[in-house]
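The values are calculated or read from the model by the stated rules, or taken from the named source; none is laboratory data. The model shown is predicted, which means the values in this text are computed figures rather than measured ones. For neighbour counting, all protein chains shown are included, and Cβ atoms are generated from backbone atoms with ideal geometry for every residue, glycine included. Only protein heavy atoms, including side chains, enter the accessible area calculation; ligands, DNA and RNA are left aside. Shrake-Rupley method; radii C 1.70, N 1.55, O 1.52, S 1.80 Å.
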Amino acid sequence: MQTDRTAQIINSAKSLYDSLEKLTTQLSGPQEPSEVLLKILKQLTVTVENSLPDLRDYVDTLEFQEDSRADDLLKIINKLEDELLVKAIEFIKK
């Protein structure tokens, strides 16, 4: 049961990453971003920011259980936090 939950959590984190990456890539084009895309980006950014503490707690749990997938989840979290959230927040501030 834990394995299924872990896979679901990792897949959800990947989905957040993929969605945020696609949206920031789309917004980085030469054209002015639409209000709709900016609203979506704001909501997605809030969702990601609110999810990070729980995801980090889950990484701690996996590390305690010596589950090798802790590293995979931590990589996704770090990419979200260090790369995509920074880009997203820059677009929102414009």
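Observations
- Residues being more than 19 Å from Lys75 (Cα to Cα) and among the hydroxyl-bearing types (Ser, Thr, Tyr) - total across region 25-52: 3
- Residue in region 76-94 that is modelled with the lowest pLDDT, counting only those that are among the acidic types (Asp, Glu) and open to solvent by 80 Å² or more (accessible area, probe 1.4 Å): Glu90
- Checking Leu73 against (1) under 30 Å from Gln31 (Cβ atoms); (2) open to solvent by less than 50 Å² (accessible area, probe 1.4 Å); (3) not hydroxyl-bearing (Ser, Thr, Tyr), the condition it does not meet: (1)
- Residues of region 58-89 that turn out to be over 16 Å from the mean Cα position of the chain (by Cα) and of a type in the set (Asp, Glu), as a count: 4
- Residue within region 22-43 that is charged (D, E, K, R) and closer than 24 Å to Asp71 by Cα present: yes
- Matching residues in region 15-57 - criterion: being open to solvent by less than 60 Å² (accessible area, probe 1.4 Å), small (Gly, Ala, Ser) and under 13 Å from the mean Cα position of the chain (by Cα): Ser19, Ser51
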